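Only one structure is covered here, and it is reproduced in the block below.
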Amino acid sequence: MRMVNTINPDQIIKNCDVGKNTKVWNFVNLYNCKIGSDCIVGSFVEIQGNVRIGNLVKIGSHTFICENVIIEDEVFIGHHVVFINDKYPRSTNKNGKLKNDKDWESLKTVIKKGASIGSNATLLAGITVGAGSIVGAGAVVAKNVPSNVIVAGNPAVILRYLSKVKK
Amino acid sequence: MRMVNTINPDQIIKNCDVGKNTKVWNFVNLYNCKIGSDCIVGSFVEIQGNVRIGNLVKIGSHTFICENVIIEDEVFIGHHVVFINDKYPRSTNKNGKLKNDKDWESLKTVIKKGASIGSNATLLAGITVGAGSIVGAGAVVAKNVPSNVIVAGNPAVILRYLSKVKK
Amino acid sequence: MRMVNTINPDQIIKNCDVGKNTKVWNFVNLYNCKIGSDCIVGSFVEIQGNVRIGNLVKIGSHTFICENVIIEDEVFIGHHVVFINDKYPRSTNKNGKLKNDKDWESLKTVIKKGASIGSNATLLAGITVGAGSIVGAGAVVAKNVPSNVIVAGNPAVILRYLSKVKK
């Protein structure tokens with residue numbers, strides 16, 4: 001592991017723990033997160049603090065990973081994937097001030113080993129996607145996904161069971 | 001209010017009227033728009049001309065706000081939200097030339113006070129979202145949303161009525 | 001045609017063949033692709049290698065165009081549009097190594113002349129969209145679209161037939 005701080009005009013990585021052989025493309029905004037070894041992070045990606053990403057993970061361009069997301073080893077995250085940690089987002093708190101991190105309960109999302117999240121999928125706050133499962137492109141996932149299934153649609157439903165992780 | 005012109009390699013703000021205490025992150029492309037006080041604008045956001053944004057507004061990363069959008073005070077706009085002003089988009093006009101702004105009727109979108117637009121939502125041209133309402137993440141909003149409701153789905157439908165704005 | 005190589009902090013164009021009068025905005029990542037004349041490419045766009053784009057094409061901000069996409073003349077591509085070439089994406093191959101381009105069958109997507117792809121649409125791997133058709137904003141296109149129709153929804157279905165290309 002190495003602590004990386006790169007503040008280039010076209011790549012901002014602040015206080016991130018990055019494993020060996022991990023490649024991060026240009027136009028990214030990463031801070032206070034942990035990324036394992038042998039990963040790829042595409043362009044136009046933002047990864048917020050308190051995110052932990054395992055080894056051999058691919059993250060496609062334009063994906064946004066919010067605080068409190070755990071991505072296990074060998075997970076595929078497509079392009080334009082959106083994670084969420086706030087169930088009922090609002091701009092302001094009861095005192096009429098702009099909300100900050102302490103003004104909402106941040107729910108944890110977990111993507112289990114070997115799962116794949118299709119491009120443009122949206123994962124609502126607090127979801128777990130089971131090992132080896134595939135979330136179809138454009139799906140809106142509103143509840144937990146068991147292991148080794150394919151889900152798709154808005155809201156996402158199970159389309160098919162996978163006997164084992166397909167390679 | 002202050003007129004801001006910042007042409008850095010990692011932040012382009014051209015001819016925008018920006019209120020006090022408003023924070024704009026890196027990797028943005030803002031031009032000819034008006035943003036109120038105490039707002040936050042995330043990374044990878046583009047805001048086009050003739051957009052007016054009120055006070056205490058949060059705009060998440062990767063959001064695109066097209067011309068002719070009005071966002072009132074205390075609105076939450078999630079990540080990857082997409083606004084639209086052209087109902088039947090085409091690349092070229094009747095003369096076979098690339099369309100410019102004068103070649104289509106740009107419809108106005110309004111997000112009323114205290115509403116929240118979930119991440120990855122798509123708002124079709126000419127929509128009004130009522131005060132205090134929540135548009136669910138990943139929703140495709142094809143018609144007006146009344147005040148104080150939750151809508152979701154593709155196309156979005158009303159899921160629930162809110163007795164008052166939830167904080 | 002001209003071969004363009006621009007490695008600025010805010011615009012990366014590597015080894016692309018770009019036609020005359022084509023305007024490319026800042027914050028883009030283009031490589032090994034071919035773009036015709038009189039086109040516009042918006043900010044925060046990534047276009048991968050082996051992509052061929054015709055003349056008079058508009059590509060909105062935040063769009064991601066993967067390898068093996070062909071876009072014909074006079075096509076409109078909205079904002080946040082996502083193309084896909086891998087039907088069952090996985091992070092790793094059978095040997096437990098990160099997948100590379102040779103580890104999957106990349107399927108070809110074709111957008112025929114004069115078609116329009118609405119913002120935030122997702123096009124699954126191997127799709128053809130017929131000439132003059134409109135894919136509605138937020139649609140998830142899972143099968144071929146014939147010519148001169150409007151499709152929308154997740155999955156997208158035909159909403160309406162167009163007697164001729166609407167301008």
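Readers should treat all values here as calculations from the given coordinates under stated rules, not as data from a laboratory. Worth saying up front: this structure is predicted, and the values here are computed from it rather than measured. We place every Cβ from the backbone using ideal geometry, glycine too, and count neighbours over all the protein chains shown.
Summary table
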{"quantity": "Least to most buried among A:V157, C:V57, B:V51 (fewest other Cβ within 10 Å first)", "calculated": "A:V157, B:V51, C:V57"}
{"quantity": "Cleavage-rule hits (trypsin sites (Lys or Arg not before Pro)) in the range B:40-107: DSSP loop, at most 10 neighbouring Cβ within 10 angstrom", "calculated": "B:K94"}
{"quantity": "Shortest-first nm distances, B:G49 label point to equivalent points in other copies (7 Å, Cα→Cβ)", "calculated": "3.9, 3.9"}
{"quantity": "For the range C:64-73, 3J(HN,Hα) per residue [Karplus equation, 6.51 cos²θ - 1.76 cosθ + 1.60, θ = phi - 60°, Hz, x = Gly/Pro]", "calculated": "10, 10, 7, 4, 6, 10, 10, 10, 7, 4"}
{"quantity": "Least to most buried among C:T128, C:T63, B:T92 (fewest other Cβ within 10 Å first)", "calculated": "C:T128, B:T92, C:T63"}
{"quantity": "Candidate lysines - alpha carbon under 21 Å from A:K113, same-chain residues fewer than 8 apart omitted", "calculated": "A:K20, A:K23, A:K34, A:K58, A:K143, A:K164, A:K166, A:K167, C:K87, C:K94, C:K97, C:K99"}
{"quantity": "Across the identical copies, how the C:A131 labels are spaced - nm, sorted shortest first, 7 Å along Cα→Cβ", "calculated": "5.3, 5.3"}
{"quantity": "Longest to shortest principal axis, alpha-carbon extents of the range A:76-167, angstrom", "calculated": "52, 20, 20"}
{"quantity": "Residues whose placed amide H lies under 5 Å from that of B:T63, excluding near-sequence neighbours", "calculated": "B:E46, B:H80, B:V81"}
{"quantity": "For chain C, projected area of the alpha-carbon convex hull averaged over all directions, nm²", "calculated": "9.9 nm²"}
{"quantity": "For the range B:21-34, 3J(HN,Hα) per residue [Karplus equation, 6.51 cos²θ - 1.76 cosθ + 1.60, θ = phi - 60°, Hz, x = Gly/Pro]", "calculated": "6, 7, 10, 10, 6, 6, 6, 10, 9, 10, 8, 6, 10, 10"}
{"quantity": "Equivalent ellipsoid, the range A:29-123 (semi-axes from 5 times Cα gyration tensor eigenvalues, Å)", "calculated": "26, 13, 12"}
{"quantity": "Chain B residue with Cβ closest to the axis mapping B onto A, distance in whole Å", "calculated": "B:P9, 2"}
{"quantity": "Approximate spin-label separation C:K87-A:R52, in nm, with each point projected 7 Å along Cα-to-Cβ", "calculated": "3.7 nm"}
{"quantity": "Pairwise centroid distance, computed over Cα atoms, of the range C:68-107 with the range C:113-161, Å", "calculated": "18 Å"}
{"quantity": "Shielding by other protein chains, C:52-63, mean Cβ within 10 Å", "calculated": "4"}
{"quantity": "Using a 7 Å Cα-to-Cβ projection, B:N21 label spacings across copies, nm, ascending", "calculated": "5.0, 5.0"}
{"quantity": "³J(HN,Hα) computed for each position of the range A:56-61 - Karplus, 6.51 cos²θ - 1.76 cosθ + 1.60, integer Hz, glycine/proline x", "calculated": "6, 9, 10, 10, x, 4"}
